[in-house]
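Engineer: Have a look at the structure that comes next, please.
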């Protein structure tokens, strides 16, 4: 421990030092450039970028030269400089020369005559190639103040000028690379290809529409299991011995099948809302889809159940089975096999119908592609959307064909040679008069 | 006289305005094989189907032992457990194997265990000569084989009476014999049977009684010899004259 007096002296001394440092800082601030900032016109790296430097020079700063010290990785070799100088509101017409040192990355602006103090600087350095990796970078700027009286020219610097941008996503990088390819230019010179199959738009649309594809898929995958339950329930209601139950099922089926899904969507999304009922969009969408599809599946199931020969039910009954036992163990298992192809077709239709939700602002595949097209003015996103739909529908269409073939085989016996041809011809076991309803749906949608 | 297994009293049945049965009376005793003959549309199949209530009688009574099956509130399913029926069109369950067909009702209706149902199924399939076809699906079997599976399926329920509804009519001639053979063995084993058929040879050989129906009533009945060789009724004579 030291002497109390010595301690006081020490404290005073340090206060004095701090005071001097602070004063100096303020003093420098007062004479140096103020309001300096740097902005970039791109939000991702790896491309030609325009840097804009804005600042106001100090009271005693007649500037003769400004240097931009681009950090490592930035390539200003082909940069061009624009300068706008304002003294107050008056535009100064000072001519200048630019010089670029590609090795050090320094871009210099040399004014022919010193710029008057207290001028506003707006300097744009265009076409600087930025490194691809995003982040926050600093652009040190140095400026030279003209010699005055006894003092020689002085170089001052402005530090802490930062700017930032992100690493471009992969599709962006690929798209830019495509921009530079000769074959892409040739391809795009054909107007139709450029409009519908532009490679650059294609690679951008694929990841962007993916989320929409997931949304469409998720809507239909949520709704379809509910539809199966609802459809089965409605089918049994339609076959009920109690007339009012039967009527209720009939009304439901006919109203739903007799009106466009588009209208049903509007009723739920707009109609219910005006009455004050508001559910989350996703939930509403699933409910509309399930409600719609249940009606179609009900008819598919009913026709399927009734297409099982009456003898099956009689055989089950004669063995002492109850109505529900016969349904559960004899009729339904056979029905499932029979309706599987038609059910799959219904699934395909439902999946495609999710596109209608674009009209009420659900961000599914169609709306996303529409937005993309609106933004890019290019129709390639529609082609990408089509491909996304086809990824699901083509395998399912094939599956329907195979299921029909298998079904025909099992019902006509393995040795029956007619099986394959009948399945291919679309004359499955379900194409009786009972299934006209389903056929009609295929045409009407 | 003991209680008849099946007793039909003054049975009437109409489909809309068409009266198919106009008062049928018939009793089947334990162990009897009763063959019902007659031209098509005479009501023989309808009579048979009324016995296990696949058709609901318009009036009259149908009894299985001491239970009236068409009484209001009767448990039809319970009664049906004891009545085996074989159909003209086999009606096997196409999604199940032969063994599965024979097992299903045993499991679900009688509540037998899987093992027991399987044992009985194999036993019954052996009886009809189809042990080697137990794992085949109906579509993989000939008509005759399917019909024998159907018989096994009915027998597995331990019925007190078996109904056969023109079981050989849908079969190719060379397959008929196997099925009739099975039915004959069944008759010899003492099963009570009510058979609608056009197989005169079978009727003559196996039946304990022959019944001739026409126009919705029983016209003539008696021993096969009496009905076939010395028919009393003109319509019987006419019918037999046409087929033989």
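Throughout, read-outs are computed from the coordinates displayed, never taken from laboratory work. These numbers were taken from a predicted model, which means no experiment stands behind them. Here the Cβ positions follow ideal geometry from the backbone for every residue, glycine too, while neighbour counts run over all protein chains shown.
Engineer: What FRET efficiency comes out for the pair residue B:234/residue A:239, r = Cβ-Cβ distance, R0 = 51 Å, nearest 0.05? Before the final figure, lay out the partial values.
Structural biologist: Values: r = 47 Å, r/R0 = 0.93.
Efficiency, rounded to the nearest 0.05: 0.60.
Engineer: Could I have the simple spin-label model distance between residue A:142 and residue B:9, label points 7 Å from Cα toward Cβ, reported in nm to one decimal?
Structural biologist: Taking the simple label geometry, residue A:142 and residue B:9 are separated by 12.6 nm.
Engineer: Quickly estimate the mean residue ellipticity at 222 nm for chain A, helices only: each DSSP H run with n ≥ 4 gives -39500 (n - 2.57), and the total goes over all residues, rounded to 500.
Structural biologist: The per-residue figure over chain A is -17500 deg cm²/dmol.
Engineer: Moving on. Pull out the extension gain between residue A:390 and residue A:176, defined as 0.36 nm times the separation in residues minus the alpha carbon to alpha carbon distance; nm, one decimal. Intermediate values should be presented prior to the final figure.
Structural biologist: Values: separation 214, 0.36 × 214 = 77.04 nm, distance 2.78 nm.
Length gained, residue A:390 through residue A:176: 74.3 nm.
Engineer: Just counting partner chain Cβ atoms within 10 Å, what average do the residues of peptide B:50-61 show around their Cβ?
Structural biologist: Details: counts 0, 0, 4, 2, 6, 0, 0, 0, 0, 0, 0, 0.
Counting other chains' Cβ atoms within 10 Å and averaging over B:50-61 gives 1.
Engineer: Hey, got the average number of other protein chain Cβ atoms within 10 angstrom for residues in B:88-95? Let's see the in-between values first.
Structural biologist: On the way: counts 1, 6, 2, 10, 3, 9, 10, 10.
Shielding by partners across B:88-95 averages 6.
Engineer: Take the stretch A:256-399, drop everything but the C-alpha atoms, weight them equally and run the Debye formula without solvent; then report log10 I(q)/I(0) at 0.14, 0.22 Å⁻¹ to two decimals.
Structural biologist: Calculated log10 I(q)/I(0) at the listed q: -0.82, -1.26.
Engineer: To continue, here is another question. Kindly rank A:177-183, A:297-303, B:2-8 from highest to lowest mean number of other beta carbons found within 10 Å of each residue.
Structural biologist: Highest-to-lowest ranking by the protection proxy: A:297-303, B:2-8, A:177-183.
Engineer: Normalised by the number of residues in chain A, what is the relative contact order in percent for Cα pairs under 8 Å and 6+ residues apart?
Structural biologist: Across chain A, relative contact order equals 13 percent.
Engineer: Tell me, what is the FRET efficiency for residue A:196 and residue A:221 to the nearest 0.05, using R0 = 30 angstrom and their Cβ-Cβ distance as r? Don't jump to the answer; show the numbers that get you there.
Structural biologist: Details: r = 30 Å, r/R0 = 0.99.
Efficiency computed from Cβ-Cβ geometry: 0.50.
Engineer: Gain in length, residue A:283 to residue A:60, computed as 0.36 nm per residue apart minus the alpha-carbon separation, to one decimal in nm? Walk me through the numbers on the way to the answer.
Structural biologist: Numbers: separation 223, 0.36 × 223 = 80.28 nm, distance 6.77 nm.
Roughly 73.5 nm would be gained on extension.
Engineer: Another question, if that's okay. Taking chain A as the reference, fit the longest principal axis to its C-alpha atoms, fit the long axis of helix A:380-412 to the helix C-alpha atoms, and give the angle between the two in degrees, 0 to 90, nearest 10.
Structural biologist: For A:380-412 against chain A, the angle is about 20 degrees.
Engineer: If you don't mind, there's one more thing I want to ask. With springs only between Cα atoms under 10 Å, which of A:37, A:241, A:198 fluctuates most in a Gaussian network model of chain A?
Structural biologist: With Cα springs under 10 Å in chain A, the top fluctuation among A:37, A:241, A:198 is at A:241.
Engineer: Compute a Gaussian network model of chain B, connecting alpha carbons closer than 10 Å, and tell me which residue from B:37, B:188, B:18 fluctuates the most.
Structural biologist: B:18
Engineer: log10 I(q)/I(0), Debye, Cα-only chain A, no solvent, q = 0.11, 0.13 Å⁻¹?
Structural biologist: After summing over all Cα pairs, the log10 values are -0.98, -1.16.
Engineer: Still on this model: Please compute P(r) over all alpha-carbon pairs of chain B, binned at 10 Å starting from zero, and give each bin as a whole-number percent.
Structural biologist: Values per bin, smallest distances first: 8, 31, 36, 21, 5, 0.
Engineer: May I ask you to sort A:110, B:103, B:162 by Cβ crowding, counting other Cβ atoms within 10 Å and putting the fewest first? If you can, show how the numbers build up before the last one.
Structural biologist: Working: A:110 13, B:103 24, B:162 21.
Fewest to most other Cβ atoms nearby, the residues stand as A:110, B:162, B:103.
Engineer: On a C-alpha basis, how far is the centre of the stretch A:250-305 from the centre of the stretch B:158-207 in Å? Whole number, if you could?
Structural biologist: 55
Engineer: For chain B, set up a GNM with springs between Cα atoms under 10 Å and report which of B:39, B:57, B:72 has the largest fluctuation.
Structural biologist: Highest fluctuation of the listed residues: B:72.
Engineer: Once both axes come from the Cα atoms, what is the angle between helix A:243-258 and the longest principal axis of chain A, in degrees from 0 to 90, rounded to 10?
Structural biologist: 50
Engineer: Can I ask one more? Enter the mean number of other protein chain beta carbons within 10 Å of the beta carbon of each residue in A:306-318, as an integer.
Structural biologist: Numbers: counts 0, 0, 1, 3, 3, 6, 6, 2, 7, 14, 7, 7, 19.
Mean shielding by partner chains, rounded to a whole number: 6.
Engineer: On to the next question. Rounded to the nearest 5, what % of DSSP beta bridges with both residues in chain B are antiparallel? It would help to have the intermediate numbers written out before the result.
Structural biologist: Numbers: 20 of 36 bridges.
In chain B, approximately 55 percent of DSSP beta bridges are antiparallel ones.
Engineer: State, as an integer percentage, the relative contact order of the stretch A:112-259 based on alpha-carbon contacts under 8 Å between residues 6 or more apart.
Structural biologist: On the way: 98 pairs, mean separation 19.4, N = 148.
Contact order relative to length: 13 percent.
Engineer: Describe numerically, in nm with one decimal, the distance between label points set 7 Å from Cα along Cα→Cβ at residue A:52 and at residue A:273.
Structural biologist: My value for the distance between the label points is 3.7 nm.
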